[in-house]
Amino acid sequence: MTRTIAVVTAGLSEPSSTRLLADLLAEATATALGPVEVEVIELRPLAHPLADHLLTGFATGDLAEALETVAQADAVIAVTPVFSASYSGLFKTFFDVLEPGALEGTPVLVAATAGTARHSLVLEHALRPLFSYLHAVVVPTGVFAASEDWGAGGADGALVRRIERAAGELAALVASGTRGPKPDQFDRDLAAMGDFEDLLNNYGG
Amino acid sequence: MEYGIFTVGDVTPDPTNGRTPSEHERIKATVEIAVKAEEIGLDVFATGEHHNPPFAAPANPPVLLAHLAAKTEQIKLSTSTTLITTNDPVRIAEDYAYLQHLADGRMDLMLGRGNTGPVYPWFGKDIRDGISLAIENYALLHRLWREENVDWEGTFRTPLQGFTSTPRPLDGTPPFVWHGSIRSPEIAEQAAYYGDGFFSNHIFWPAEHTARMVALYRARFEHYGHGRAEDAVVGLGGQVYLAKNSQDAIREFRPYFDVAPVYGHGPSLEEYLASTPLSVGSPEQVIEKTLGFREYAGSYRRQLFLVDHSGLPLDTVLRQLDMLGEVVAELRKHDAAPEPERALEGSAS
């Protein structure tokens, strides 16, 4: 079965350096891993459905599909622009509405873009804790790209090396995993339930 | 198959003129709506239980339902829902048994956990115990209606020694119980275990989810030996706004939808109509959509509609009920299948 990598990218402009970084990371991971299916999820067109989900509690259409893709992926590459010293609200909203447990044990590569390298620790103080909370396995190397990284000496220098290193770590994690289709929220709830006597006993009845 | 309406008793400003009914007006309107429900031939009127504004639903539904029992002749009086988590199961046993006598058996009830966080601490409970409270409290309630001199010790309430709840259920038949839940499989399991009804208020949720919960309940109902899965007692929520033609229905309902406390400011009315059981349209459209529920829930036993919410004024609700009466008469023509032997009036122990 071909492995699937879900790439979540929260860039808002067109073209977007966040998308560019996401593509480079996906490409490098595919190169390191061999045959793999890459599903790119742009959050911009999902902005309205995401706001709706916050209000209604359920996803419809493309958003439902995107959430399912991420939940079923063998690995996730998550890339956000830095807004006000953190991930963007749109990026966070996507992971806010993802079913709890959907990323449990899933290898995740975190990456971010910004206008200045002074934001680079956003990977460590914002993205890594978020995915730790979601019980994902975050690869040690996160990739941060400031505007200057796209200029002279950037793309063919330090940035490329970081991309390859992070992609290599993600590929190694994916290759070592033996994960089949993952249960969805309903199945997880069901598995946790047991039979009725258990329920009564567990709940002290 | 039973058809009825259920209310949450919200006191909401009418967005078309900014007018908010007083609690007194809302409460009296609820009585009028229930009486009207009987007049148009509905089988069930159900009220929610609430303890906080902006709701003027009774904190103890039997207060309203006993009043309605005196004002009506035929309609069955029920709840949507009775909070099994924060009420003392002893009081539920006694208050509802008393109601059962007053109503000559014309009642049942639906248990739910409630979804307002602060309600739990207001009654000395913890919302994180929601499921466990529902399971344990019902285990006691179930015994209190079936046994005298009950000895009981649980986690959540003070122990009982030789306790007999009074009055005893009418003719020794405990009121029929539905368990309502949108997304907790534990509640479907609980309903199946006891052979009680399972009600999915799937108003705000897409159908696929409801289909899985109902399928789970049906399978477990059979597993616990209460009968065939297809005979399991399923109820569904729904929500309608009717007009002679669909354009008028949508035009009239849109201002209420757009700012409604539950779904306002979110998806468009059209998107909501496409993905949830909300029915806004002509009688033909509402009939077609309602009949469509059977495609994913199977043949079911009770359909409750929400009609009096989001600030819709009383006269509009009463006109809606006139049209709903005609819709239900039409829906009944599709209920050709004979009722299973197991009657809803009583519950086997």
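Where helices (runs of 4 or more DSSP H) fall entirely within segment B:185-284, those with at least 1 residues that are farther than 28 Å from B:LEU324 by Cα are at B:185-194, B:207-223. State all residues of segment B:73-87 that are of a type in the set (A, V, I, L, M, F, W, C) and under 10 Å from B:GLY114 (Cα atoms); if no residue qualifies, say none. The answer is B:LEU83, B:ILE84. Residues in segment B:295-316 that are within 18 Å of the chain's Cα centre (by Cα) and outside any loop (DSSP other than H, G, I, E, B): B:ALA297, B:ARG302, B:GLN303, B:LEU304, B:PHE305, B:LEU306. If the condition is being buried (at least 18 other Cβ atoms within 10 Å of the Cβ), closer than 17 Å to B:HIS67 by Cα and acidic (Asp, Glu), then segment B:95-145 contributes B:ASP95, B:ASP108. Scan segment A:114-136 and give yes if some residue there is of a type outside the set (Phe, Trp, Tyr), part of a strand (DSSP E or B) and surrounded by 14 or more Cβ atoms within 10 Å (Cβ to Cβ), otherwise no. Within segment A:114-136, one or more residues are of a type outside the set (Phe, Trp, Tyr), part of a strand (DSSP E or B) and surrounded by 14 or more Cβ atoms within 10 Å (Cβ to Cβ). Residues in segment A:152-191 that are at pLDDT 80 or above and within 14 Å of chain B (Cβ to nearest Cβ): A:PHE186, A:ASP187, A:ASP189, A:LEU190, A:ALA191. The number of residues in segment B:106-132 that are within 14 Å of another protein chain (Cβ to nearest Cβ) and either in a helix (DSSP H, G or I) or of a type in the set (A, V, I, L, M) (or both) comes to 5. The number of residues in segment A:5-63 that are within 14 Å of chain B (Cβ to nearest Cβ) and in contact (Cβ under 8 Å) with a residue 12 or more places away in the chain comes to 11. Can B:ASP95 be described as more than 24 Å from B:LEU236 (Cα to Cα) and in a loop (DSSP other than H, G, I, E, B)? Judged against the criteria, B:ASP95 is not a match.
Based on what the data block shows, is A:LEU170 touching a residue at least 40 places away in the same chain (Cβ under 8 Å), among the hydrophobic types (A, V, I, L, M, F, W, C), crowded, with 18+ Cβ neighbours inside 10 Å and farther than 30 Å from B:GLU189 by Cα? Yes. Residues in segment B:168-215 that are crowded, with 20+ Cβ neighbours inside 10 Å, at the interface with chain A (Cβ under 8 Å from one of its Cβ atoms) and of a type in the set (S, T, N, Q): B:GLN190 alone. Across segment A:64-94, the number of residues qualifying as more than 14 Å from chain B (Cβ to nearest Cβ) and buried (at least 19 other Cβ atoms within 10 Å of the Cβ) comes to 18.
Every condition in (1) touching a Leu at 6+ places or on another chain (Cβ under 8 Å); (2) surrounded by fewer than 17 Cβ atoms within 10 Å (Cβ to Cβ); (3) of a type outside the set (Phe, Trp, Tyr); (4) modelled with pLDDT of 95 or more holds for A:GLU99 except the one numbered (4). Among the residues of segment B:217-247, those identified as within 20 Å of the chain's Cα centre (by Cα) and either within 11 Å of chain A (Cβ to nearest Cβ) or touching a residue at least 60 places away in the same chain (Cβ under 8 Å) (or both) are B:ARG218, B:ASP231, B:VAL233, B:VAL234, B:GLY235, B:LEU236, B:GLY237, B:GLY238, B:GLN239, B:VAL240, B:TYR241.
The values are calculated or read from the model by the stated rules, or taken from the named source; none is laboratory data. Keep in mind that this is a model prediction, so the values were computed, not measured. Neighbour counts run over all protein chains shown; Cβ positions are idealised from the backbone, glycine included.
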